1. Is it the case, given these coordinates, that residue 154 is part of a helix (DSSP H, G or I), touching a residue at least 60 places away in the same chain (Cβ under 8 Å) and in contact with a strand residue (DSSP E or B) (Cβ under 8 Å, 6 or more places away or on another chain)?
2. If we keep just the residues of the stretch 157-175 that are touching a strand residue (DSSP E or B) at 6+ places or on another chain (Cβ under 9 Å) and part of a helix (DSSP H, G or I), which is nearest to residue 37 (Cα to Cα)?
3. Residue 10 - would you say it is at pLDDT 95 or above and outside any loop (DSSP other than H, G, I, E, B)?
4. Counting only residues that are farther than 17 Å from residue 171 by Cα and surrounded by fewer than 19 Cβ atoms within 10 Å (Cβ to Cβ), which one in the stretch 148-159 is farthest from the chain's Cα centre (by Cα)?
5. In the stretch 78-88, is there at least one residue being in contact (Cβ under 8 Å) with a residue 24 or more places away in the chain, in contact with a helix residue (DSSP H, G or I) (Cβ under 8 Å, 6 or more places away or on another chain), within 21 Å of residue 41 (Cα to Cα) and crowded, with 16+ Cβ neighbours inside 10 Å?
6. For the stretch 137-146, give me each residue that is modelled with pLDDT under 95, surrounded by fewer than 16 Cβ atoms within 10 Å (Cβ to Cβ) and touching a helix residue (DSSP H, G or I) at 6+ places or on another chain (Cβ under 9 Å).
7. Would you confirm whether any residue within the stretch 170-186 is under 22 Å from the mean Cα position of the chain (by Cα), surrounded by 13 or more Cβ atoms within 10 Å (Cβ to Cβ), at negative phi and free of Cβ contacts under 8 Å to residues at least 12 places away in the same chain?
8. State the number of residues belonging to the stretch 216-232 that are within 20 Å of residue 25 (Cβ to Cβ) and without any contact (Cβ under 8 Å) to a residue 60 or more places away in the chain.
């Protein structure tokens, strides 16, 4: 990822923040779908309930749980959390939490069944698990990207842990997938020729291939970055199967 202190990062952030949030979400169906589950979770968690955001990263959804006793954890000490741990070994007693949030993390754990079992253990009876996981997407955060999921695989994980499944819903269909892929395409094509990566940090470095590709990519940006993703967002209702999806939103209960 780009260093937050670089000029390129600051310019891109400024451009992004100038777009209204409602429009930004419709230009990124992935975030829109995850946020839909977060809002559902917020409305279905009681006031003062003890909530764990497991694998929370920078805690982007904390504001939605201000009515609860919100806690966060992650394995990386990059952001401030209540405690740090692997998700297959959470240092909390049995029956500790009323709800657990786990968004876009399960693909990065090597043994997902152990993680789901651990969530079951630390939830109180009647406790709720709200989880999202990818269906189709490129390898990211390599080498720590182990799986993409199907609803049947997720269902198997939940049932083996003992959860009652309330729903496993696709987050969009083929149009959301196409919109997200199209938006990511310029970056995917250009990054190898414009940046070099050292210890996970990318620094700008122009190459002849980058010089050749850049004008074509820039000309296409209004279409790949705006018109096509927005059109695909609204066309997604035409896909009745939704087998070709970005991922799944899941809600389970410990009985």
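1. Details: part of a helix (DSSP H, G or I): yes; touching a residue at least 60 places away in the same chain (Cβ under 8 Å): yes; in contact with a strand residue (DSSP E or B) (Cβ under 8 Å, 6 or more places away or on another chain): yes.
Here the answer is yes, as residue 154 does meet what is asked.
2. For the stretch 157-175, the residue satisfying everything is 158.
3. On the way: at pLDDT 95 or above: no; outside any loop (DSSP other than H, G, I, E, B): yes.
No; evaluated as a whole, the condition is false for this residue.
4. Our first condition is that a residue be farther than 17 Å from residue 171 by Cα; within the stretch 148-159, this holds for 156-159.
If we keep only those that are surrounded by fewer than 19 Cβ atoms within 10 Å (Cβ to Cβ) as well, we get 156, 159.
Working: 156: 21, 159: 23 Å.
Step by step, filter the stretch 148-159, then rank; the result is 159.
5. Step one: of the stretch 78-88, the residues in contact (Cβ under 8 Å) with a residue 24 or more places away in the chain are 81, 87-88.
Next, only the ones that are in contact with a helix residue (DSSP H, G or I) (Cβ under 8 Å, 6 or more places away or on another chain) stay: 87-88.
Okay, now just the ones that are also within 21 Å of residue 41 (Cα to Cα), so 87.
Narrowing the set further to residues that are crowded, with 16+ Cβ neighbours inside 10 Å leaves 87.
Yes, the stretch 78-88 contains at least one residue that is in contact (Cβ under 8 Å) with a residue 24 or more places away in the chain, in contact with a helix residue (DSSP H, G or I) (Cβ under 8 Å, 6 or more places away or on another chain), within 21 Å of residue 41 (Cα to Cα) and crowded, with 16+ Cβ neighbours inside 10 Å.
6. Of everything in the stretch 137-146, those that are modelled with pLDDT under 95, surrounded by fewer than 16 Cβ atoms within 10 Å (Cβ to Cβ) and touching a helix residue (DSSP H, G or I) at 6+ places or on another chain (Cβ under 9 Å) turn out to be 138, 140, 141, 144, 145.
7. Of all residues in the stretch 170-186, those under 22 Å from the mean Cα position of the chain (by Cα) come to 170-186.
Now drop any that are not surrounded by 13 or more Cβ atoms within 10 Å (Cβ to Cβ), which leaves 170-186.
Still in the list and also at negative phi: 170-171, 173-186.
Among the residues that remain, those that are also free of Cβ contacts under 8 Å to residues at least 12 places away in the same chain are: 181.
Yes, because at least one residue in the stretch 170-186 is under 22 Å from the mean Cα position of the chain (by Cα), surrounded by 13 or more Cβ atoms within 10 Å (Cβ to Cβ), at negative phi and free of Cβ contacts under 8 Å to residues at least 12 places away in the same chain.
8. Step one: list which residues in the stretch 216-232 are within 20 Å of residue 25 (Cβ to Cβ), which gives 221-232.
This time we only want the ones that are without any contact (Cβ under 8 Å) to a residue 60 or more places away in the chain, so: 221-224, 227-228, 231.
Summing the residues that are within 20 Å of residue 25 (Cβ to Cβ) and without any contact (Cβ under 8 Å) to a residue 60 or more places away in the chain in the stretch 216-232 gives 7.
The values are calculated or read from the model by the stated rules, or taken from the named source; none is laboratory data. Because the structure is a prediction, the values reported are computed rather than measured. Glycine also receives a Cβ, built like all others from the backbone with ideal geometry; neighbour counts cover every protein chain displayed.
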